[in-house]
Amino acid sequence: MRALTYLEPTKIDVIEKELPKIEKSTDVIVKMLKTTICGTDLHIISGDTPEVPKGLTLGHEGVGEIAEIGESVTNFKVGDKVLISCITSCGHCEYCKRSLYAHCKDGGWILGHLIDGTQAEYVRIPHADNSLYLIPENMNDDVVVMLSDILPTGLEIGVLNGQVKPGDTLAIIGAGPVGIATLLTAQFYSPAKIIVVDLDDNRLELAKKLGATDTVNSKNPEAAIQRIFELSNGVGVDVAMEVVGFPATFDLCQKILSPGGRIANVGVHGASVELHLEDLWIKNITLTTGLVSTSSTPMLLKTVSAGRINHIEELITHHFSFDDILKAHDTFKNAAKTKALKVIIDF
Ligand SMILES: NC(=O)c1ccc[n+]([C@@H]2O[C@H](COP(=O)([O-])OP(=O)(O)OC[C@H]3O[C@@H](n4cnc5c(N)ncnc54)[C@H](O)[C@@H]3O)[C@@H](O)[C@H]2O)c1
Ligand SMILES: [Zn+2]
Ligand SMILES: [Zn+2]
């Protein structure tokens, strides 16, 4: 089979590999139907993640059909169409028992990170019973792919950690795919105001279409802070979500909170940030962090299937066939130029 493979920092290629085999009775083999590329893949390719072995197949998102099944898998049968979660979980270790699947003792984020991932014609999924989901009949497969990673991330690490409540004023810093996912799922909780902040006017325009009440370009951070205060009655926002992963955007979050406010950090930070506890403590500020567990996936499947979150398809800007996966990577990498948000790769 063919697999998009990480060769060494800055180098990927499609190479021919052996078909994956069942290794444990809890595994299944999935024949891929659709996958996508994540910003995290770009981090891996650039060499930011030295734990990733050379020769690994990338990808931790997608939809596929079960091709082969381990003896002890009970939830699925050959031929079932399934959503692959970006997080693998055994379902019975002490972290899984707390729904903290991100830290499963025999899983977590391993797909396309420590074991071969979904940007290949076939993939082995360990602990299949707890790491795959049947797809409701009426759902569009492209939309379902958005439930592997970005929608649960936006909901769990942005909206739920940030404790968004009816009437709240939110600021979402970063309107990439994950920022847009927080924007879509925050609307479950009827916030009064959602201010989306980014440097890219195209992305801000999309945010407006998908439910942002206001948008702010933060090219000039001081002017942006002033504008956010104007938009939040001069007191600052109830929840600031950091969905970028840079010191500058974390800093912005610390400067726009009202007393009692919450920072929900979603961005993956490669460099340390300055935490201004000297200002935050007296304002009763809460800070949350986290790696997505995808424990919200069953709920998201039901709500999307019932038509309770709309416009998810607007996140998908490009389609490629697997033959053109290198072109897809190129398009995704040059998002500023190509205006790519999520690209779908069809097998
Ligand atoms: N916590 C988790 O479990 C988890 C899971 C998935 C992704 N992530 C992280 O979430 C973050 C967002 O992911 P994404 O795929 O949407 O990334 P992305 O790079 O597509 O989007 C980031 C956005 O931030 C904007 N931006 C950059 N600098 C800015 C600045 N100074 N001010 C305002 N906006 C700025 C960019 O224009 C871009 O639109 C990444 O750090 C990613 O690694 C975290
Ligand atoms: Zn991802
Ligand atoms: Zn576990």
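Bear in mind that the values in this text are calculations on the coordinates, not laboratory data. Predicted, not measured: the structure shown is a model, and the values here were computed from it. Positions of Cβ are generated from backbone atoms using ideal geometry, with glycine treated the same way; all protein chains shown enter the neighbour counts.
What is the distance in Å between the Cα centroid of the stretch 227-249 and that of the stretch 39-97?
Computed from Cα coordinates, the inter-centre distance equals 34 Å.
What is the magnitude of the charge dipole of the stretch 184-227 about its Cα centre, with +1 placed on the Cβ of each Lys and Arg, -1 on the Cβ of each Asp and Glu, and no other charges, expressed in debye to the nearest 20?
Dipole about the Cα centre, nearest 20: 140 debye.
Per the helix-only calculation at 222 nm, which mean residue ellipticity applies to the chain, given -39500 (n - 2.57) for every DSSP H run of n ≥ 4 and division by its residues, nearest 500 deg cm²/dmol?
Calculated at 222 nm, the ellipticity per residue is -6500 deg cm²/dmol.
Find, among the trypsin sites (Lys or Arg not before Pro) in the stretch 267-310, those assigned to loop by DSSP (not H, G, I, E, B) with at most 16 other beta-carbon atoms within 10 angstrom.
Of the trypsin sites (Lys or Arg not before Pro), the ones in loops of the stretch 267-310 whose Cβ has at most 16 other Cβ atoms within 10 Å are Arg308.
What does the extension gain come out to for Arg98 and Asp80, with contour length at 0.36 nm per residue minus their alpha carbon separation?
3.7 nm
Can you quote the Å³ per residue value for the convex hull of the Cα atoms in the stretch 3-100, rounded to an integer?
Here the figure is 128 Å³ per residue.
Using Cα springs under 10 Å in a Gaussian network model of the chain, which residue among Leu58, Leu83, Leu252 shows the largest mean-square fluctuation?
It is Leu252.
Report the charge-dipole magnitude of the stretch 208-347 in Debye, nearest 20, computed about the Cα centre from +1 at each Lys and Arg Cβ and -1 at each Asp and Glu Cβ.
Charge dipole of the stretch 208-347: 300 debye, to the nearest 20.
Can you compute 3J(HN,Hα) from phi for each residue in the stretch 76-93, using the Karplus curve 6.51 cos²θ - 1.76 cosθ + 1.60 with θ = phi - 60°, rounded to whole Hz and x for Gly and Pro?
9, 9, 4, x, 5, 8, 9, 8, 9, 6, 5, 10, 9, 9, 6, x, 9, 6
Among the lysines, which have Cα under 26 Å from the Cα of Lys165 when same-chain residues fewer than 8 positions away are ignored?
Leaving aside lysines fewer than 8 places away in the same chain, those within reach of Lys165 are Lys193, Lys208, Lys209, Lys255, Lys283, Lys302.
Which listed residue (Gln226, Phe250, Ile194) has the Cα farthest towards the positive end of the charge dipole for the stretch 151-288, taking +1 on Lys and Arg C-beta and -1 on Asp and Glu C-beta about the Cα centre?
Ile194
By its C-alpha gyration tensor, with a ≥ b ≥ c as the square roots of the eigenvalues, how is the stretch 55-128 shaped: rounded for a/c under 1.5, else prolate for a/b larger than b/c, else oblate?
oblate
Amide H of His60 versus every other amide H placed in the peptide plane: which residues, excluding those fewer than 5 positions away on the same chain, fall under 5 Å?
Thr118
Got a sec to turn the phi values of the stretch 141-152 into Karplus ³J(HN,Hα) couplings, 6.51 cos²θ - 1.76 cosθ + 1.60 with θ = phi - 60°, whole Hz, x for Gly and Pro?
Residue by residue, the stretch 141-152 yields 4, 4, 5, 4, 4, 5, 8, 5, 9, 5, 5, x Hz.
Would the stretch 151-288 count as rounded, prolate or oblate if I go by the C-alpha gyration tensor, calling it rounded below 1.5 in a/c and otherwise prolate when a/b exceeds b/c, oblate otherwise?
rounded
Which ³J(HN,Hα) values, rounded to whole Hz and listed in residue order, are derived for the stretch 265-271 from phi using the Karplus coefficients 6.51, -1.76 and 1.60 in 6.51 cos²θ - 1.76 cosθ + 1.60 with θ = phi - 60°, glycine and proline given as x?
Working through the residues one at a time gives 8, 10, x, 8, 9, x, 10 Hz.
Report, ordered by chain and residue number, the lysines lying within cross-link reach of Lys97, taken as a straight Cα distance under 16 Å and ignoring same-chain residues fewer than 8 apart.
Straight-distance partners of Lys97: Lys105.
What is the distance, in nm, between label points placed 7 Å from the Cα along the Cα-to-Cβ direction at Ala248 and at Leu199?
0.4 nm
Could you size up the charge dipole of the chain around its Cα centre, putting +1 on the beta carbon of Lys and Arg and -1 on that of Asp and Glu, and report it in debye to the nearest 20?
540 debye
What fraction of the DSSP beta bridges in the chain is antiparallel, stated in percent and rounded to the nearest 5?
55 percent
State whether the stretch 248-336 is rounded, prolate or oblate according to the following rule on the C-alpha gyration tensor (a ≥ b ≥ c being the square roots of its eigenvalues): a/c under 1.5 gives rounded; otherwise a/b larger than b/c gives prolate, and the remaining case gives oblate.
oblate
What are the GluC sites (Glu not before Pro) within the stretch 1-98 that DSSP puts in a loop, where the Cβ has at most 12 other Cβ atoms within 10 Å?
Here the sparse-neighbourhood loop sites are Glu18, Glu23, Glu51, Glu71.
Subtract the Cα-Cα distance of Thr289 and Arg308 from 0.36 nm times their separation in residues, and report this length gain in nm to one decimal.
Here the segment from Thr289 to Arg308 would lengthen by 4.2 nm.
Using modelled backbone amide H atoms (1.01 Å from N, in-plane), which distant-in-sequence or interchain residues come within less than 5 Å of His319's amide H?
Answer set, sorted by chain and number: Ile344.
Under a 10 Å cutoff between Cα atoms, tell me which one of Ala128, Ala271, Ala67 has the largest fluctuation in the Gaussian network model of the chain.
Ala271
What distance in nm separates the two pseudo spin-label positions at Lys339 and Asp141, each 7 Å out from Cα along the beta-carbon direction?
So the label points at Lys339 and Asp141 sit 2.7 nm apart.
What FRET efficiency would be calculated for the residue pair Ile15, Lys219, taking the C-beta separation as r and a Förster radius of 51 Å, to the nearest 0.05?
Plugging the Cβ-Cβ distance into 1/(1 + (r/R0)^6) gives 0.75.
Please sort by residue number the trypsin sites (Lys or Arg not before Pro) in the stretch 58-147 whose DSSP state is loop and whose Cβ has at most 13 other Cβ atoms within 10 Å.
When the trypsin sites (Lys or Arg not before Pro) of the stretch 58-147 are filtered for loop state and at most 13 Cβ neighbours within 10 Å, Lys77, Arg98, Lys105 remain.
Could you point to the residue in Leu58, Leu83, Leu4 farthest towards the positive end of the stretch 1-106's charge dipole, with +1 and -1 charges on the Cβ of Lys/Arg and Asp/Glu respectively?
Of the listed residues, the answer is Leu83.
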